[in-house]
Amino acid sequence: MSVHEQFADDLALYALNALQGEERTALENHLEACGSCRNELENLRGDAALMALSAAGPRPPARSKQRLMKAIAREPRLSVMPSTERKWWTIPWAIAAIAIVVGGLLFRQNLDLKNGVAALQATMQRDQSELQRAKDVVATFTAPEAEKVTLALAGAKTPPQPQGKAFYLRDKGRLIFLANNLAPLPPEKIYELWLIPATGAPIPAGLFRPDAHGSANVVNPPLQPGVQAKAFAVTVEPEAGSSTPTMPILMMGGGE
């Protein structure tokens, strides 16, 4: 429940001057800092003035009616007037009270609706991001211009040998790397993938840890589009990664 929802019913009672004690103090403190609730209070007071001139109105929720009746019961009793004299103002007062209570209920429902719309928008944005990510992965695998590079452990003869496969779409800077048969890492260490450009220093291309089966992957690390790859390599680095490869190179492969 949001802060606005917490005070929705109290706003209606406060507009009637029927809210007392700690609840009144808490609401007044909230109103000092919340422009939205101050505006809603003014709307409720305006609705009460208009509805007091009407002869009909909606029925308030039972919970709000009970609180209102209890608050009215605590008010000092006025002298008893003849029924004919009391009747003319009782109806507008009841209608005004109902209008304020209903206004508070609508205010709360409006907040619920806004929260629901915001949650739905967030879900849609997340789904769209996931869909675009999936499309990018498929495009990297299937694009005719994608470079496919196999990385292997130099000098390894005993199977199963660590091996990696890189799919690199240079024009878009997209890279998918799949590895298997990787050895477990020492404490506080991590594998790091490197793009070795045709000219210049090696470029960090993602950190990864193998699962229990020795498999791992790197999906679209942040790479600048257009960099020509001479080779790809894997090293073991500190957990935070490195800016330059730490020797020896575990796996390496050039373009096919």
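Listed by first and then second residue, the pairs linking a residue in the stretch 176-187 that is of a type in the set (D, E, K, R) to a residue that is outside any strand (DSSP E or B) and buried (at least 16 other Cβ atoms within 10 Å of the Cβ), with Cβ atoms under 8 Å apart and 6 or more places separating them unless they lie on different chains, form an empty list.
Scanning the stretch 209-256 for residues that are surrounded by 12 or more Cβ atoms within 10 Å (Cβ to Cβ), among the aliphatic types (A, V, I, L, M) and part of a loop (DSSP other than H, G, I, E, B) gives 223, 227, 249, 250.
Considering every residue within the stretch 196-205, establish whether at least one is of a type in the set (Val, Ile, Thr) and surrounded by 19 or more Cβ atoms within 10 Å (Cβ to Cβ). Can you show your working first?
Within the stretch 196-205, the subset of a type in the set (Val, Ile, Thr) is 196, 199, 203.
Retained after the next criterion (residues that are surrounded by 19 or more Cβ atoms within 10 Å (Cβ to Cβ)): 196.
Checked against the condition, which is being of a type in the set (Val, Ile, Thr) and surrounded by 19 or more Cβ atoms within 10 Å (Cβ to Cβ), the stretch 196-205 yields at least one hit.
Please determine, by comparing only the residues of the stretch 7-22 that are under 32 Å from the mean Cα position of the chain (by Cα) and either of a type in the set (Asp, Glu) or not assigned by TED's automatic domain parsing to the domain that holds residue 98 (or both), which one is modelled with the highest pLDDT. This residue is 10. Only one entry of 172, 230, 189 meets the criterion of being within 26 Å of residue 134 (Cβ to Cβ) and at pLDDT 90 or above, and that entry is 172. Residue 191: among the aromatic types (Phe, Trp, Tyr), assigned to a strand (DSSP E or B), free of Cβ contacts under 8 Å to residues at least 60 places away in the same chain and buried (at least 20 other Cβ atoms within 10 Å of the Cβ), yes or no? So residue 191 fits the description; yes.
Looking only at the stretch 27-43, decide whether some residue is modelled with pLDDT under 75 and either over 28 Å from the mean Cα position of the chain (by Cα) or among the acidic types (Asp, Glu) (or both). Break it down into steps so the answer makes sense when it comes.
To start, the set of residues in the stretch 27-43 that are modelled with pLDDT under 75 comprises none.
No, there is no match, as no residue in the stretch 27-43 is modelled with pLDDT under 75 and either over 28 Å from the mean Cα position of the chain (by Cα) or among the acidic types (Asp, Glu) (or both).
Kindly evaluate residue 59 against the criterion of being at negative phi and at pLDDT below 70. Yes.
Would you be able to say whether some residue in the stretch 207-230 is in contact (Cβ under 8 Å) with a residue 60 or more places away in the chain and over 30 Å from the mean Cα position of the chain (by Cα)? Checked the stretch 207-230: at least one residue is in contact (Cβ under 8 Å) with a residue 60 or more places away in the chain and over 30 Å from the mean Cα position of the chain (by Cα).
The values are calculated or read from the model by the stated rules, or taken from the named source; none is laboratory data. Bear in mind that the values here come from a model prediction, so they are computed numbers and not experimental data. Every residue, glycine among them, receives a Cβ derived from its backbone with ideal geometry; neighbour counts consider all protein chains shown.
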